[in-house]
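Novice: One structure, pasted below without further comment.
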Amino acid sequence: MYPNARIVGFEPSQKNFSFLEKNINNNHLTKVSVFNKALAAREDQEIKLYFPGTTHGTVIGASEASSDYEVAKTVSLSNYINHTVDLLKMDIEGAEYEVFQDLFDNDKLKFVEKIIMEYHVPQHRLAKLLSIFDQSGFHYEIKNDFIYAYKK
C-alpha cells in the first residue's frame, strides 16, 4: 500500500529477530532496516528480556530468579528519529515511559505524526506518559491496553 515507505524496526529477542529477518528476505522487502536491540532511554545498556521468543516476553514484572531470559543491548530511539515519522508503532514491554521521556527531552516528538502503542506502565507512569503526549501536541485515545495518539 505504501511503496515508498521506509521502515525501521527493533527486536531484542534473538529468536524473534531471526524470524523477522527471514520474513523480510522471503518477501523481498526493501527499505526495511532492522536491529537486534531493545529500545531504552540510553545506549549500550544490557537488559534482561524474560521469556524471549514468546508472546509474553517482558523486561518488567518477571522474577529475578527466572532462568528464562536472554540479555539484549539497548539503543535510544531518539538517535534514529531525525525526519518525519508518519507512524510510530510500539510494543516495548515496559520501557514506554522512559523511551518517550527521552524522545521528549531530545525534541524528537516534533517529527512524529501518529503513534500506536501497547503500554505496560504502572498507573502513575501512564499519567506522566500522557502528559508528554499533551505537551507534544498529541490527541490520544486509550482502548484496552493501546494508546492511539495523533497530532492536533
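Novice: Among (1) open to solvent by less than 50 Å² (accessible area, probe 1.4 Å); (2) under 23 Å from Q45 (Cα atoms), there is one condition D91 misses while meeting the rest; what is its number?
Specialist: Just one mismatch for D91, condition (1).
Novice: If I filter the range 129-152 down to residues being of a type in the set (V, I, T) and open to solvent by less than 60 Å² (accessible area, probe 1.4 Å), which single residue comes out as farthest from F104 (Cα to Cα)?
Specialist: First, the residues of the range 129-152 that are of a type in the set (V, I, T): 132, 142, 147.
Now drop any that are not open to solvent by less than 60 Å² (accessible area, probe 1.4 Å), which leaves 132, 147.
Values: I132: 7, I147: 17 Å.
The qualifying residue farthest from F104 (Cα to Cα) is I147.
Novice: Output the residues belonging to the range 11-41 that are in a loop (DSSP other than H, G, I, E, B) and touching a residue at least 40 places away in the same chain (Cβ under 8 Å).
Specialist: Going residue by residue through the range 11-41, those that are in a loop (DSSP other than H, G, I, E, B) are 11-13, 27-31, 36-37, 41.
Hits for the range 11-41 are P12, S13, A41.
Novice: Return the total of residues in the range 94-115 being open to solvent by less than 60 Å² (accessible area, probe 1.4 Å) and at negative phi.
Specialist: First pass over the range 94-115, keeping only residues open to solvent by less than 60 Å² (accessible area, probe 1.4 Å): 94-97, 99-103, 108-109, 111-112, 115.
The next check asks that each one be at negative phi; those that pass are 95-97, 99-103, 108-109, 111-112, 115.
Selection size over the range 94-115: 13.
Novice: On to the next question. Applying the selection to the range 8-37, what residues are modelled with pLDDT under 95 and under 18 Å from H83 (Cα atoms)?
Specialist: Residue satisfying the conditions is K31 alone.
The values are calculated or read from the model by the stated rules, or taken from the named source; none is laboratory data. Since this is a predicted model, take the numbers as computed values, not measurements. We place every Cβ from the backbone using ideal geometry, glycine too, and count neighbours over all the protein chains shown. Accessible surface areas use protein heavy atoms only, side chains included; no ligands, DNA or RNA. Shrake-Rupley method; radii C 1.70, N 1.55, O 1.52, S 1.80 Å.
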